[in-house]
Amino acid sequence: MTGRNAPTALERILAEAGGTRAPRERHAQLRTALRDALAHGAAELGRPRSGYGRPVELAFAEDGEHGLLAALPAPPALRSDPAAAPERGWRVVASAVAALAEGASLPVPGRPEDLRLTAGEHDGFLLLALPSGAGGERPDAELAALAAEERLRPLDRLRVRAHALPPGLLRPADLRAPGTPSLRAAEAVARLGADPADPGAAEAFEDVLAVLLPSASAPVSAHDDPDPSCRAARRILRRLDGMGKWGGYHTAFEHLYRGFAGNERELASAVGEALLDAGLLQEKPSVGQRHVFLNPRRAGDIRRLIETGASPPELRLP
């Protein structure tokens, strides 16, 4: 965001109503304006340039029961399907997770149960919730809104505005732990002090994420698989799963053979190509690099291969 243009309808109504102190009789009007803003933003995030005529908007609010809430221009399906939003939409969501962590003043997590993010919906759009820290700190919606704008400002071809809403305006529904590792990884990375919207951030904390995000797969013996190609495929898939690299949360292709030594690196690279050809991995072109991620539509095949070494028929390993 390079500057603020004329206020949006939501921004204007919010200012006229008193901002975060807006009385309850103005909440219905604000909800209507927010619904329109989120619908506009969700459509914009699928375009090559988002928010240039009218910015993409997201909103934060304090909540006595759930801590700090974020209403986002993304479908609720994103809580279980990381491919439910375009990449720019995912990066907005990941930045909002980081802003929630900042506004909620949560400590660095050390165990899986320390991850507290829940996901639900508000008026048909994705809503995220993060409780405040145990030390009695009050969640700060205004800080979260500022943090979201700051984090999203450098993102190419995107113009965003984030708002702090009055407590009680957002109505969370069906809040539960996210079903996708991508959102859990975003919370973990944010609370570890890195940027979850950066595709490469998880690699710096791979060992920590392995503790915080135990794989949904049963314990496996991929390293003992007698077939070198299958062993490499299982290691690659398990590592990506452990970092939550599903859907929009991608990694550079060259990272697939990290941890492989000598001749194994060449084999791991060839195995990576085979996983792409079979559709277990998908590719996201990036500036000067190839980026890949686990295909959520093939989660069953991926889990079976990780756990048992059973390959789908279309996988042709070298």
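The values are calculated or read from the model by the stated rules, or taken from the named source; none is laboratory data. Keep in mind the model is a prediction, meaning the values are calculated, not measured. Reconstructed Cβ throughout: ideal geometry from the backbone, glycine too, with neighbour counts over all protein chains shown. What goes into the accessible areas is simple: the full protein's heavy atoms, side chains included, and nothing from ligands, DNA or RNA. Shrake-Rupley method; radii C 1.70, N 1.55, O 1.52, S 1.80 Å.
Quick check on VAL292: is it crowded, with 16+ Cβ neighbours inside 10 Å, assigned to a helix (DSSP H, G or I) and in contact (Cβ under 8 Å) with a residue 40 or more places away in the chain?
Judged against the criteria, VAL292 is not a match.
Looking at (1) modelled with pLDDT under 85; (2) buried (at least 22 other Cβ atoms within 10 Å of the Cβ); (3) not basic (Lys, Arg), which is the one condition that is false for HIS163?
Of (1) modelled with pLDDT under 85; (2) buried (at least 22 other Cβ atoms within 10 Å of the Cβ); (3) not basic (Lys, Arg), only one is false for HIS163: (1).
Check segment 207-223 and report whether any residue there is surrounded by fewer than 20 Cβ atoms within 10 Å (Cβ to Cβ) and modelled with pLDDT of 90 or more.
No, there is no match, as no residue in segment 207-223 is surrounded by fewer than 20 Cβ atoms within 10 Å (Cβ to Cβ) and modelled with pLDDT of 90 or more.
Does at least one position in segment 91-109 carry a residue that is part of a loop (DSSP other than H, G, I, E, B), out of contact with any Gly (no Cβ under 8 Å at 6 or more places or on another chain) and open to solvent by less than 40 Å² (accessible area, probe 1.4 Å)?
Within segment 91-109, one or more residues are part of a loop (DSSP other than H, G, I, E, B), out of contact with any Gly (no Cβ under 8 Å at 6 or more places or on another chain) and open to solvent by less than 40 Å² (accessible area, probe 1.4 Å).
Every residue, every condition in (1) outside any loop (DSSP other than H, G, I, E, B); (2) in contact with a strand residue (DSSP E or B) (Cβ under 8 Å, 6 or more places away or on another chain), yes or no:
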residue	(1), (2)
ALA6	no, no
LEU14	yes, yes
THR20	yes, yes
HIS27	yes, no
LEU34	yes, yes
ALA61	yes, yes
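If you check GLU142 against the conditions, is it surrounded by fewer than 24 Cβ atoms within 10 Å (Cβ to Cβ), free of Cβ contacts under 8 Å to residues at least 12 places away in the same chain and under 20 Å from SER105 (Cβ atoms)?
When the stated conditions are applied, GLU142 does not pass them.
Yes/no matrix, rows are residues, columns are (1) part of a loop (DSSP other than H, G, I, E, B); (2) open to solvent by 50 Å² or more (accessible area, probe 1.4 Å); (3) of a type in the set (Asp, Glu); (4) at pLDDT below 85:
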site	(1), (2), (3), (4)
GLY168	yes, no, no, no
ALA188	no, no, no, no
ARG231	no, yes, no, no
LEU237	no, no, no, no
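Could you tell me which numbered condition ASP81 fails, if it satisfies all but one of (1) open to solvent by less than 60 Å² (accessible area, probe 1.4 Å); (2) within 25 Å of PRO166 (Cβ to Cβ)?
ASP81 satisfies every listed condition except (2).
All but one of (1) touching a residue at least 60 places away in the same chain (Cβ under 8 Å); (2) assigned to a helix (DSSP H, G or I) hold for ARG161; state the number of the condition that does not hold.
(2)
On the basis of being in a helix (DSSP H, G or I) and polar (S, T, N, Q), does SER269 make the cut?
Yes; evaluated as a whole, the condition is true for this residue.
Do any residues in segment 261-273 that are open to solvent by 30 Å² or more (accessible area, probe 1.4 Å) have Cβ atoms under 7 Å from those of residues that are outside any helix (DSSP H, G or I), where the two are at least six apart or on different chains, and which pairs are they?
LEU267/PRO318; ALA270/PRO318
Of (1) in a loop (DSSP other than H, G, I, E, B); (2) in contact with a Lys or Arg (Cβ under 7 Å, 6 or more places away or on another chain); (3) under 18 Å from GLU149 (Cβ atoms), ARG54 satisfies all except one. Which?
With (1) in a loop (DSSP other than H, G, I, E, B); (2) in contact with a Lys or Arg (Cβ under 7 Å, 6 or more places away or on another chain); (3) under 18 Å from GLU149 (Cβ atoms) applied to ARG54, the lone miss is (2).
Can you tell me which residue is farthest from HIS122 (Cα to Cα) among those in segment 20-49 that are at pLDDT 95 or above and open to solvent by less than 20 Å² (accessible area, probe 1.4 Å)?
If we take residues in segment 20-49 being at pLDDT 95 or above and open to solvent by less than 20 Å² (accessible area, probe 1.4 Å), then ALA22 is farthest from HIS122 (Cα to Cα).
Only one residue in GLY124, GLY53 is out of contact with any strand residue (DSSP E or B) (no Cβ under 9 Å at 6 or more places or on another chain) and modelled with pLDDT of 95 or more. Which one?
The match here is GLY124.
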